């Protein structure tokens, strides 16, 4: 899968903002058939960062990926570049 096909758009809810500050995590809505490895590779390619882990969650017909970044890549910087904060 292409990186632009895997990652649809970032989410900016209250919970995600809290996770961004406390756990260095961002949330993305992703393609339904994307695996955790696909998501990790897509995020690393698109944002040129190192990903520590990916957790996925299916909610109301969409798949969400909670991406934890390595300590040298603060999630707040990535969110600022995306225009979420």
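The values are calculated or read from the model by the stated rules, or taken from the named source; none is laboratory data. Quick caveat: nothing in here was measured; it's all calculated off a predicted structure. Reconstructed Cβ throughout: ideal geometry from the backbone, glycine too, with neighbour counts over all protein chains shown.
Could you list all residues from the range 47-64 that are in a strand (DSSP E or B) and surrounded by 13 or more Cβ atoms within 10 Å (Cβ to Cβ)?
51, 52, 54, 55, 56, 62, 63, 64
Kindly evaluate residue 78 against the criterion of being modelled with pLDDT under 95 and part of a helix (DSSP H, G or I).
yes
Of all residues in the range 65-80, count the ones that are surrounded by fewer than 19 Cβ atoms within 10 Å (Cβ to Cβ) and either free of Cβ contacts under 8 Å to residues at least 12 places away in the same chain or within 13 Å of residue 27 (Cα to Cα) (or both).
Final tally of qualifying residues: 5.
Spot the failing condition for residue 44; the list is (1) free of Cβ contacts under 8 Å to residues at least 60 places away in the same chain; (2) surrounded by fewer than 17 Cβ atoms within 10 Å (Cβ to Cβ); (3) not in a helix (DSSP H, G or I), and only one is missed.
Failing condition for residue 44: (3).
Only residues that are in contact with a strand residue (DSSP E or B) (Cβ under 8 Å, 6 or more places away or on another chain), closer than 17 Å to residue 82 by Cα and part of a helix (DSSP H, G or I): list them for the range 1-26, please.
Of everything in the range 1-26, those that are in contact with a strand residue (DSSP E or B) (Cβ under 8 Å, 6 or more places away or on another chain), closer than 17 Å to residue 82 by Cα and part of a helix (DSSP H, G or I) turn out to be 6, 16, 19, 20.
Looking at 35, 70, can you tell me which residue is closer than 20 Å to residue 85 by Cβ and either touching a strand residue (DSSP E or B) at 6+ places or on another chain (Cβ under 9 Å) or modelled with pLDDT of 95 or more (or both)? Talk me through it step by step, then tell me what you get.
Working: 35 fails: closer than 20 Å to residue 85 by Cβ.
After applying the criteria, what remains is 70.
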